[in-house]
Amino acid sequence: MRRLRTLVKKEIMDILRDKKTLIIMVIVPLLLYPSIIIGMTLVMNMVFSSQEEQVYTVGYPVAGIEEEIIPDLQRLYEENEEELVCKLTFLSEEELQSGHDVWLLVEQREDSLYAEIAYASTDQASNYAESALSELLDLYKEELLKEKLNEEGLEEQFLQPLVQKSIDSATESESMGMSLGGSIGMLLITTILLGAFYPAVDITTGEKERGTLETLLTLPVTNFQMIMSKYIAVSMFACATAVLSIVALGGSVLFLVFGVSTELAAEFQGISVQTVIVLVLLLLLAMITTALLITAICMCFCVFAKSNKEANNYMTPVMLIIMFASMVGMIPSVELNYQTALIPLVNVSLLMKQLLAQHFDFAVIGVTIAVNFAYSIIIIWILAKMYDSENVLFQDGFQSIRLFQKRSEFEKGTVPAVGDLVMSIVVILLLVLYVGSAVSVRSTFAGTIVNQVIIFAVPVLVTWYMKSNQKELFSFKKPKKGTIPGSIVLYLGTYCLEMAIAGILIKAFPASAENVSMSFEQLAKQPVILMLIVMALMPAIGEEICFRGFLYGGLKNKYGVKWAVVLSAIVFGAFHMSLVKLLPTAMLGACLAYIVSVSGSIYIGMVLHFVNNAFSMLQMKYPDVFAKLFPVFAKPELTLGDTLIFMGVGLIMISIGIPLLKKQKNKT
Amino acid sequence: MIIADNLCKEFERSVKKGKKVQKTKFLAVDHVSIQAKEGEIVGILGPNGAGKTTLLRMLGMLMSPTEGSVQLKNASGEELTDDIKKKEAIGYLSGNTKLYPRFSIREYLAFLGELYEYGEEEINKRIEDIIAVLNMEEFADNRIEKLSTGQTQRASIARCLMADPMLYILDEPTLGLDILSADAIISFMRKQKENGKTVLYSTHYLEEAEVLCDRIYMICNGHVAASGTPKELMSQTETNNLREAFHAIYDAEMKGEMA
């Protein structure tokens with residue numbers, strides 16, 4: 001512990017003495033935000049006020065019907081001058097000295113007047129004048145209407161059997177926050193990215209380039225301590241950038257509100273001090289976890305890069321992805337819920353929108369913050385464990401990722417290294433999160449298809465590229481004799497246990513469960529054959545190949561069967577992007593991986609996976625039939641008794657299934 | 001005392017054959033066994049690319065051997081097994097072990113002291129002692145990036161001294177230094193020997209090695225081509241000085257390679 005503290009202290013001192021980094025971390029947030037926000041507002045104010053001062057000319061021909069109307073328009077204009085967008089002056093063809101902004105032509109056609117406003121949509125001044133004149137003509141129309149009604153002896157209400165008005169319950173400050181939230185989220189995330197990236201490069205590849213890394217490794221320091229100390233130091237700076245940014249942002253907003261515009265200040269009157277404190281605290285918390293996450297992501301790439309240039313090359317696409325994710329908050333229809341809360345960075349962007357609209361759903365906010373925190377811990381933990389100082393120092397740092405080699409350099413039967421596995425899974429995850437989610441917005445069904453294709457295609461392509469022995473790696477073999485009964489018993493036991501745990505989790509997180517069932521409802525509208533193909537057959541093949549073939553096979557090669565079962569199960573669970581489904585799917589994953597390890601075949605798992613999904617599909621499609629056949633499954637909530645029975649039956653069957661399988665395994 | 005037994009290190013080398021790039025494996029260090037005892041200065045000699053640096057890196061725990069083992073025993077003959085304890089016992093210095101340019105020597109030594117988990121008083125005492133011994137008072141508070149080559153090398157020595165290791169592994173410590181700085185380093189090695197420490201060092205200065213080393217290992221093409229005291233090497237090859245002996249051994253090695 002003392003060593004870690006010493007190392008962190010050293011890293012911080014090292015960063016603090018680098019002026020370039022400091023400038024980016026301090027100057028950017030402290031000067032850029034105020035100058036952007038205040039500057040922009042002041043410029044906008046100036047533009048607006050100059051527009052208000054400007055008088056636009058309406059020209060009209062001499063000796064036409066216009067000359068009769070103009071005095072009325074002039075009178076209406078004087079009455080309503082305050083409400084119009086800009087000032088107008090009416091000048092006849094003769095009076096016009098320079099040009100005009102709009103041209104008014106009026107004709108008498110039978111009983112109606114026909115007015116034509118000639119303007120140029122490409123000219124700003126012409127546009128303003130046009131809208132002001134239109135408003136004026138509308139007022140004039142109302143006046144004429146009133147006169148006509150009076151002539152006929154009718155009340156004004158005659159033309160208005162229904163009067164409609166919408167009242168916005170959101171206060172001005174709430175709606176302003178909503179519109180600002182998305183863009184401020186993006187600004188903050190980008191600043192944090194810069195604040196994390198420069199120190200990260202400086203103390204990883206920078207340390208390597210300065211030649212001090214080799215010295216550090218001769219000292220009594222473990223790789224884990226080294227990575228952790230660097231991570232802690234960089235994330236402290238990223239957090240500092242985040243805090244400074246919020247301070248600068250808040251400061252400039254306050255300055256604007258109370259220093260420049262009293263109108264804006266009035267809009268903020270409605271906010272209580274309590275709300276502001278909660279808002280600021282949540283903002284800080286959200287930004288600090290974001291800083292931790294972004295630092296972790298930066299470290300992953302910087303640690304393995306050989307030089308600053310290489311680090312920059314790796315980081316450019318990552319930066320684009322991060323910035324893209326941070327812009328999701330600007331899309332109006334996307335909201336923070338239990339599903340979007342699981343997407344890293346996108347959730348922060350959405351959270352910002354929610355926070356600034358003063359809409360505090362503490363459960364979702366809590367999940368968002370916890371999820372980002374968890375992601376960063378997981379990333380940095382894996383990084384610290386994977387870090388191989390010898391590789392980084394004396395060879396190509398990315399040796400644990402062999403995918404970057406040319407295909408001709410691979411020998412036949414290459415097994416993917418752990419780095420390849422991690423990278424493939426990350427690629428799949430990114431594709432699913434961003435491509436799959438994007439398609440899902442249009443159609444949940446199409447999104448599911450896209451996701452399944454991604455999950456299937458990436459491992460197959462990667463193993464093809466690496467010339468792996470797919471038959472061996474994916475266990476495309478006949479199951480060993482006598483392993484089928486044991487597999488079925490084990491699966492049924494796991495299923496019962498899953499039911500029990502899912503029942504408990506649904507009670508604990510009702511909102512999350514609702515989300516899951518809602519997306520299923522949409523799917524249930526499809527024809528049953530399509531549903532079976534997309535929801536049961538495709539996952540049975542794709543997910544088995546990905547998780548029980550590619551991931552399990554690769555991990556087994558490095559860490560042995562036990563860890564391969566556990567790790568592949570955890571990743572499988574996490575992939576389902578739902579709090580309620582995490583644990584049950586991880587259990588299913590462990591069960592299926594164990595079956596592969598004993599039977600030596602992926603096919604049993606594929607069949608069981610198909611049956612598993614088809615069962616819940618049919619249950620959704622034909623709830624009535626199912627309610628008759630299996631009354632227990634139709635219950636919206638399991639009673640405590642049911643849960644205990646499921647748990648008991650599950651445990652008993654598992655404890656029968658495992659020995660059954662073990663017996664067969666020992667035989668062969 | 002350090003005992004290396006049958007150390008091997010395998011590297012990959014890319015060879016271009018027409019358009020195709022093929023990776024072939026080769027042994028940079030090929031079954032090397034060496035020993036260095038307390039109170040001994042052991043020299044590792046050999047031409048460039050012979051595998052000296054790779055060998056020293058494995059001994060210094062910066063690289064793990066592909067085959068073979070390194071044993072490290074303390075003065076009472078106990079073997080150290082913990083990696084961190086081993087690193088504490090080794091002072092490793094090479095041209096690639098640079099110091100933090102943004103720190104001063106004093107700050108850097110203080111950092112090391114904390115890392116080696118000394119108490120605060122002990123840290124301060126050691127720093128003052130080392131600065132006095134290496135004659136660094138004048139520049140001890142300057143940033144390391146501002147120091148000259150000789151001053152920097154003295155600072156590197158100071159780094160090793162701070163840990164007070166039982167084994168020094170020095171990879172070409174006198175390379176590129178002026179006579180004064182080089183002599184300072186040679187007398188530093190002698191002093192460590194007198195204190196009963198083990199010094200393993202590689203060099204290209206054969207005259208320096210001839211007078212300094214108790215024993216010498218000649219490394220060619222990754223393996224030990226000859227070993228013994230300087231005198232033994234000279235009598236084996238029937239030469240008058242180490243430089244001639246070096247040539248004789250190298251030529252014999254090359255002939256063997258050809259045949």
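The values are calculated or read from the model by the stated rules, or taken from the named source; none is laboratory data. Because the structure is a prediction, the values reported are computed rather than measured. Here the Cβ is made from the backbone with ideal geometry for all residues, glycine too, and neighbour counts use every protein chain on show.
What the table shows:
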{"read-out": "Given (1) among the hydrophobic types (A, V, I, L, M, F, W, C); (2) out of contact with any Lys or Arg (no Cβ under 8 Å at 6 or more places or on another chain); (3) modelled with pLDDT under 85, number of the condition A:Met178 does not satisfy", "value": "(2)"}
{"read-out": "Those residues of the range A:18-52 which are free of Cβ contacts under 8 Å to residues at least 60 places away in the same chain and of a type in the set (Ser, Thr, Tyr), in sequence order", "value": "A:Ser35, A:Ser49, A:Ser50"}
{"read-out": "Members of the range B:67-109 found to be within 14 Å of another protein chain (Cβ to nearest Cβ), without any contact (Cβ under 8 Å) to a residue 40 or more places away in the chain and either in contact with a Cys (Cβ under 8 Å, 6 or more places away or on another chain) or among the acidic types (Asp, Glu) (or both), listed by number", "value": "B:Asp82, B:Asp83, B:Glu107"}
{"read-out": "Hey, B:Lys16 more than 11 Å from chain A (Cβ to nearest Cβ), farther than 20 Å from B:Lys87 by Cα and modelled with pLDDT under 85 or not", "value": "yes"}
{"read-out": "Odd one out for A:Ala457, checked against (1) in a helix (DSSP H, G or I); (2) at pLDDT 85 or above; (3) surrounded by 15 or more Cβ atoms within 10 Å (Cβ to Cβ); (4) in contact with a helix residue (DSSP H, G or I) (Cβ under 6 Å, 6 or more places away or on another chain)", "value": "(4)"}
{"read-out": "A:Gln452 being under 35 Å from the mean Cα position of the chain (by Cα) and more than 26 Å from A:Val580 (Cα to Cα)", "value": "no"}
{"read-out": "The range A:17-38 - residue that is surrounded by 14 or more Cβ atoms within 10 Å (Cβ to Cβ) and within 14 Å of chain B (Cβ to nearest Cβ) and, of those, nearest to A:Val253 (Cα to Cα)", "value": "A:Leu22"}
{"read-out": "Residue that is nearest to A:Leu293 (Cα to Cα), among those in the range A:201-233 that are crowded, with 20+ Cβ neighbours inside 10 Å and more than 13 Å from chain B (Cβ to nearest Cβ)", "value": "A:Tyr231"}
{"read-out": "Any hit, the range A:599-622, residues being closer than 13 Å to A:Ala502 by Cα and either within 37 Å of the chain's Cα centre (by Cα) or assigned to a loop (DSSP other than H, G, I, E, B) (or both)", "value": "no"}
{"read-out": "Within the range A:2-16, considering residues that are more than 7 Å from chain B (Cβ to nearest Cβ) and in contact (Cβ under 8 Å) with a residue 60 or more places away in the chain, the one farthest from A:Ser229 (Cα to Cα)", "value": "A:Ile15"}
{"read-out": "Test: residue in the range A:236-259 that is within 25 Å of A:Ile382 (Cα to Cα), buried (at least 21 other Cβ atoms within 10 Å of the Cβ), of a type in the set (Ser, Thr, Tyr) and more than 14 Å from chain B (Cβ to nearest Cβ)", "value": "no"}
{"read-out": "Any pair with Cβ under 9 angstrom, 6 or more apart, that starts in the range A:416-444 at a residue that is under 18 Å from A:Met323 (Cβ atoms) and among the aromatic types (Phe, Trp, Tyr) and ends at one that is assigned to a helix (DSSP H, G or I) and at pLDDT 80 or above", "value": "A:Tyr434/A:Ile321; A:Tyr434/A:Phe324; A:Tyr434/A:Ala325; A:Tyr434/A:Val346"}
{"read-out": "Per-region count, the range A:100-141, residues among the acidic types (Asp, Glu) and either in contact (Cβ under 8 Å) with a residue 12 or more places away in the chain or buried (at least 18 other Cβ atoms within 10 Å of the Cβ) (or both)", "value": "6"}
{"read-out": "Single residue of the range A:84-99 satisfying the filter (of a type in the set (D, E, K, R) and either touching a residue at least 24 places away in the same chain (Cβ under 8 Å) or surrounded by 19 or more Cβ atoms within 10 Å (Cβ to Cβ) (or both)) that is farthest from A:Thr57 (Cα to Cα)", "value": "A:Glu94"}
{"read-out": "When residues of the range A:328-359 are limited to those that are touching an Asp or Glu at 6+ places or on another chain (Cβ under 7 Å) and part of a loop (DSSP other than H, G, I, E, B), the one farthest from A:Thr275 (Cα to Cα)", "value": "A:Ala357"}
{"read-out": "Residue selected from the range B:152-173 under the condition in a loop (DSSP other than H, G, I, E, B) and surrounded by fewer than 22 Cβ atoms within 10 Å (Cβ to Cβ), by the criterion farthest from the chain's Cα centre (by Cα)", "value": "B:Asp164"}
{"read-out": "Conditions (1) touching a residue at least 24 places away in the same chain (Cβ under 8 Å); (2) closer than 22 Å to A:Pro527 by Cα: number failed by A:Leu629", "value": "(1)"}
{"read-out": "Test: residue in the range A:554-577 that is free of Cβ contacts under 8 Å to residues at least 40 places away in the same chain, aromatic (Phe, Trp, Tyr) and in contact with a Cys (Cβ under 9 Å, 6 or more places away or on another chain)", "value": "yes"}
{"read-out": "Residue tally, condition more than 24 Å from the chain's Cα centre (by Cα), under 20 Å from A:Leu583 (Cα atoms) and of a type outside the set (Phe, Trp, Tyr), over the range A:557-571", "value": "7"}
{"read-out": "Of residues in the range B:110-149 being touching a residue at least 12 places away in the same chain (Cβ under 8 Å) and within 13 Å of chain A (Cβ to nearest Cβ), the one nearest to B:Ala184 (Cα to Cα)", "value": "B:Ile144"}
{"read-out": "Among (1) assigned to a loop (DSSP other than H, G, I, E, B); (2) at pLDDT 85 or above, the one test that A:Gly270 misses", "value": "(2)"}
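Residues checked against (1) at negative phi; (2) surrounded by fewer than 16 Cβ atoms within 10 Å (Cβ to Cβ):
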{"position": "A:Ala357", "(1), (2)": "yes, no"}
{"position": "A:Phe360", "(1), (2)": "yes, yes"}
{"position": "A:Thr368", "(1), (2)": "yes, no"}
{"position": "A:Gln405", "(1), (2)": "yes, no"}
{"position": "A:Ser408", "(1), (2)": "yes, yes"}
{"position": "A:Gly413", "(1), (2)": "no, yes"}
